[in-house]
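The values are calculated or read from the model by the stated rules, or taken from the named source; none is laboratory data. No experiment lies behind these values; they were computed from the predicted model shown. A quick note on method: Cβ atoms are made from the backbone with ideal geometry, for glycine too, and the neighbour counts reach across all protein chains shown. Note: areas computed on protein heavy atoms with side chains; ligands, DNA, RNA excluded. Shrake-Rupley method; radii C 1.70, N 1.55, O 1.52, S 1.80 Å.
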Amino acid sequence: MTAPRSLKTPRDLADAGLLSAERQAEAEAVAARYAIAVTPTIAGLIDAADPADPLARQFLPDLRELTVTPEERADPIGDSAHSPVKGVVHRYPDRVLLKAVHVCPVYCRFCFRREMVGPSGDGTLSAAELAAALDYIRGRPEIWEVILTGGDPLVLSPRRLGEMLRSLADIAHVKIVRFHSRVPVVDPPAINPALIAALKAAGKAVYVALHANHPREMTPEARAACGRLVDAGIVMVSQTVLLKGINDDPAVLGDLMRAFVETRIKPYYLHHPDLAPGTSHFRLDIAEGQRIVAALRGTLSGLCQPTYVLDIPGGYGKAPLGPSAVRATGDGCYAVSDYRGEEHAYPPSDRV
């Protein structure tokens, strides 16, 4: 029996009942610029009858993507400014991104690398380009961590993943290998024994950072796929983008963080949306994001707290955006806010 195929054109989406005829015509204009892909797993989760469905908004093309605002840019976080060789981004001293592939199983409509990924994007590194990238890493002993991203590195075959991991295992100063992926939620069956075995690297700690934005993505099948990774000794953390109309609600975001923790995934980053072209309808302002994060602090276990961050445009790295709970009041004293928003003197004013 042939496995269901991913939906990669507006016609595919319309035939699957996910787009009306009017939306299909609009989607054709979007598809002329940006890649489309929806896996069978995600297609089965989308509620096509709900125009505000949070999964539809993440994955189905929208005519608003063709509206580019003045502040938006093709490379919003400045990858190219810190790319010494093709496929490598070296922004921080002790770690590098290794972008071996620029293909994804799904294409998020808010993707910050949307100009670089997809069939007409930067493509997969050739053998010579990958060798040059590995030589760069090998020649710099300050590199402690290699983060495989792209694109989604878990779309590569177990054979190719295994070859890369063996190459990294031979570099003594690299201690951590991290993968950024959506595969466990968008294609859970792909997390099979062969792929898991390929993710092992002798003497290295291997992490998988799971990208998910809504609790409905954490299906029983997705949780089981993550469980297979964790049971194999792979540590999992999460990354989520704070998106208007999708998860900009403390209750929704709280449910997602709890789902991560229940699945043995430590919440890691909550990203403020980047200034990618055609994504203004997903962005909320920083003050609103801070209010949402503050609400999480008062209602969720400490295990469920991600770090709210902004990738500063231009390649200057991430900055934490979480609201501060402390302000100086003078004479070495502070006012500290609790989760209810009430302030307390520190040191306490009634101290002996």
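Things worth noting here:
- Hey, P84 open to solvent by 50 Å² or more (accessible area, probe 1.4 Å), under 30 Å from R160 (Cβ atoms), modelled with pLDDT of 95 or more and part of a loop (DSSP other than H, G, I, E, B) or not: yes
- Counted residues, the stretch 123-173 - those being in a loop (DSSP other than H, G, I, E, B), out of contact with any Asp or Glu (no Cβ under 7 Å at 6 or more places or on another chain) and open to solvent by less than 30 Å² (accessible area, probe 1.4 Å): 7
- Count of the stretch 107-122 residues which are open to solvent by less than 20 Å² (accessible area, probe 1.4 Å), modelled with pLDDT of 85 or more and under 17 Å from K86 (Cβ atoms): 1
- Applying the criterion of being in contact (Cβ under 8 Å) with a residue 40 or more places away in the chain and of a type in the set (A, V, I, L, M) to the residues of the stretch 51-65, the residue that is surrounded by the fewest Cβ atoms within 10 Å (Cβ to Cβ) is A52.
- The one condition in (1) without any contact (Cβ under 8 Å) to a residue 40 or more places away in the chain; (2) open to solvent by 40 Å² or more (accessible area, probe 1.4 Å) that V89 fails to fulfil: (2)
- Residue list for the stretch 316-347, filter: in a loop (DSSP other than H, G, I, E, B), open to solvent by 90 Å² or more (accessible area, probe 1.4 Å) and either over 19 Å from T299 (Cα atoms) or of a type in the set (D, E) (or both): Y316, D331, E342
- Test result for Y268, part of a strand (DSSP E or B), open to solvent by less than 30 Å² (accessible area, probe 1.4 Å) and aromatic (F, W, Y): no
- Within the stretch 294-312, restricting attention to residues that are open to solvent by less than 40 Å² (accessible area, probe 1.4 Å) and in a loop (DSSP other than H, G, I, E, B), the residue that is farthest from H272 (Cα to Cα) is L300.
- Residue among A251, A202 that is of a type in the set (A, V, I, L, M), over 24 Å from H281 (Cα atoms), open to solvent by 10 Å² or more (accessible area, probe 1.4 Å) and without any contact (Cβ under 8 Å) to a residue 40 or more places away in the chain: A202
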